[in-house]
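The values are calculated or read from the model by the stated rules, or taken from the named source; none is laboratory data. Everything numeric in this text was worked out from a predicted model, so none of it was measured. Neighbour counts are summed over all protein chains in view; Cβ atoms, including those assigned to glycine, are modelled from backbone coordinates with ideal geometry.
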Amino acid sequence: MKGRLTYEMVNKFIDAFNTVLKKKYQLFSHPRSTLKGKKLAEYDAFKKQETKETIEKGSPLYNVLICTSFNNNVSNL
């Protein structure tokens with residue numbers, strides 16, 4: 001199966017992606033004024049990367065975030 005992705009590879013990517021998203025939105029849950037040093041730099045870097053397309057409700061990334069949030073809430077039940 002040269003050149004094909006396995007389910008394990010896809011699942012590892014999804015887990016890594018979800019970890020990054022969780023870290024990002026945990027950081028965003030704090031007011032910017034309370035962040036210092038490295039956390040403030042990460043916060044600013046994430047905000048700088050945002051564009052109109054990534055924060056619109058109809059964008060594919062927004063839909064991924066909603067699905068990720070839903071899956072996390074379901075797994076916590």
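The table below lists the values:
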| read-out | value |
| --- | --- |
| Of residues in the stretch 46-55 being surrounded by 10 or more Cβ atoms within 10 Å (Cβ to Cβ) and assigned to a helix (DSSP H, G or I), the one farthest from the chain's Cα centre (by Cα) | E53 |
| Test: I66 is under 15 Å from the mean Cα position of the chain (by Cα), outside any loop (DSSP other than H, G, I, E, B) and modelled with pLDDT of 75 or more | no |
| Any hit, the stretch 30-37, residues being among the hydroxyl-bearing types (S, T, Y), assigned to a loop (DSSP other than H, G, I, E, B) and either modelled with pLDDT of 85 or more or loosely packed, with under 11 Cβ neighbours inside 10 Å (or both) | no |
